[in-house]
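These notes are about the structure you will find just below.
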Amino acid sequence: MGHKTLAQDLRQQGAFCWFPQEGHLIMRLLFLAPSPPSPQMGGGALRMFHMVRFLGKRFDLDLVAPSLEGAEAAERLLRGSCRELEFVPASSEGMARRFLRLGPYEKDPTLTDAIHLRLTSQCYSAVQVEKPAMLPYLPKDIRIPVILDTWAYGLAGPLRALRHEAGILARARNLLQVIRFSIFDACCWPDTSCILVVSEEDRIRCQQDHPGRRVLVVPNGVDCSAVRPGTSRTEGPSVILFTGDMGFAPNVDAALFLARRIFPEIRRVHPAAELCLAGRNPDPRLTRLAGAGSGITVTGAVEDMVPYLHAATVYVAPHFTGPNCWKQWQRGSLS
């Protein structure tokens, strides 16, 4: 719904490019991602992965992202969806520069040069920016429509980090980030043709904070053609499955609560029950839970989550916070 309306808006604005060698007018979009879109790299990467595949079926699409973990898989899986893919080697930001930076977002100079080169040398109809973190990479005088996909609108992430991370230095750093994000949200949002959010609640809050902006809801979802129901399990122990980035604070909190508070109660009634925590970057507190007799398995990164979904008896997502809970429930319910 949101993409269809946005495409109609771009056509009404005359956002087309003429390619003489192809003999017709086409819409060519530039997609800027903060990390490689991939179905294996967490909720945000999965949202971008589906977004790229959707847009690639309708427009000529170029993808630019930093060359981080998951780039090889993204290039392999999205080659048929994109006209061009460019993964730019990232350069780290020094500690002094990070502390003195006024804005909340890092700006990699190599990635900046790559994006500016494309915008000045190629004919794009519009640019879609994934997360506000990619906004600093746009030139201030950009003349084509800008679509911003916020993922999770507001300060939930910085406030969550402030609440969860211990230590004086960590809390001071996170408090500084909250202040930076607050100033950016209040004063520095650029002109956009459209803002994409994941829920109706986010749409209402965004329009209240930024009156007059066009805001569309593009909810998270899953690929129903890739995630199919498995056969019913009749043998073996019952398996409880929780998936996600196991280094992400809300997932770590949920997994610890599940393993320490809920799972022992389940095993009192079903002694053979097993708990599987599947996902990359497991926190050390989670890896210590696994062991002989514990009934808990911590997989780390997996190539394909579908077999784990099919092997599970029950899928759980015991979150207290976090923007991607609904997406995880959707994947579990389809399997």
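Of the residues that sit in the range 192-213 and are in a loop (DSSP other than H, G, I, E, B) and touching a residue at least 12 places away in the same chain (Cβ under 8 Å), which one is nearest to Ala133 (Cα to Cα)?
My answer is Thr192.
If a residue must be touching a residue at least 40 places away in the same chain (Cβ under 8 Å) and assigned to a strand (DSSP E or B), how many such residues does the range 48-71 contain?
Count: 3.
Within the range 243-254, is there a residue that is closer than 16 Å to Gly43 by Cα, at pLDDT 90 or above, outside the structural domain of Gln40 (by TED's automatic domain parsing) and under 26 Å from the mean Cα position of the chain (by Cα)?
No, because not a single residue in the range 243-254 is closer than 16 Å to Gly43 by Cα, at pLDDT 90 or above, outside the structural domain of Gln40 (by TED's automatic domain parsing) and under 26 Å from the mean Cα position of the chain (by Cα).
In the range 290-317, which residues are under 17 Å from Asp245 (Cβ atoms) and among the small types (Gly, Ala, Ser)?
Gly300, Ala301, Ala317
The values are calculated or read from the model by the stated rules, or taken from the named source; none is laboratory data. Computed from a prediction, not measured in an experiment: that's the story for all the values here. Glycine also receives a Cβ, built like all others from the backbone with ideal geometry; neighbour counts cover every protein chain displayed.
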